[in-house]
Amino acid sequence: MQASDETLFRHREIAFCTLHPDPNQVGSAAALLIEIDGIERVDIVNTATLQVSYHLLAICLADIEGLLEQNGFHLDNRLMHKIRRALYHYTEETQRANLCCEHGENCTQKVFVNRYRNREHGCQDDRPEHWRRYL
């Protein structure tokens, strides 16, 4: 199942902490992010919020936020923003993992699973099925 190119674009809001020494933290972050590969558009919503549009296969929200934090920007860490970011990180990580793995014979994950199932090791129970139920 291949995703169309339209569904791979994400539009997310990044909230910044207002207690930062740089009063134009959002503008500085926008200037930094627009130069990054995979980021298509950066819009300033207000003095504490940016809206970023990016291609999911090139970059994800966790990478963008990590880049911002490495450069000294302070993200808003209120509970609602933390929950929203955690949900976005999880869904994007899962979708990227699913898209990178072609669900055919050459999938790396399937190769390792099949190898594990067919290999002789101590994790297989050699007892008949009716004996396993008694223990």
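The values are calculated or read from the model by the stated rules, or taken from the named source; none is laboratory data. Just so it is clear, the model here is predicted, and its values are computed rather than measured. Heads up, the Cβs are rebuilt from the backbone with ideal geometry, glycines too, and the neighbour counts pull from every protein chain shown.
What the table shows:
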item: Index of the failed condition, THR108 passing every other in (1) surrounded by 10 or more Cβ atoms within 10 Å (Cβ to Cβ); (2) at pLDDT 70 or above; (3) not charged (D, E, K, R); result: (2)
item: First in the stretch 41-59 and within 17 Å of HIS89 (Cα to Cα) and modelled with pLDDT under 95, second anywhere and assigned to a loop (DSSP other than H, G, I, E, B) and of a type in the set (D, E, K, R), Cβ under 7 Å, 6 or more apart; result: ALA58/ASP37
item: Residue under evaluation ASN77, criteria (1) part of a loop (DSSP other than H, G, I, E, B); (2) surrounded by 17 or more Cβ atoms within 10 Å (Cβ to Cβ); (3) touching a residue at least 60 places away in the same chain (Cβ under 8 Å), criterion not met; result: (2)
item: Among the candidates LEU68, LEU87, LEU50, residue that is part of a helix (DSSP H, G or I) and either touching a helix residue (DSSP H, G or I) at 6+ places or on another chain (Cβ under 7 Å) or surrounded by 14 or more Cβ atoms within 10 Å (Cβ to Cβ) (or both); result: LEU68
item: Flag for ALA48 being among the small types (Gly, Ala, Ser) and within 30 Å of LEU99 (Cα to Cα); result: no
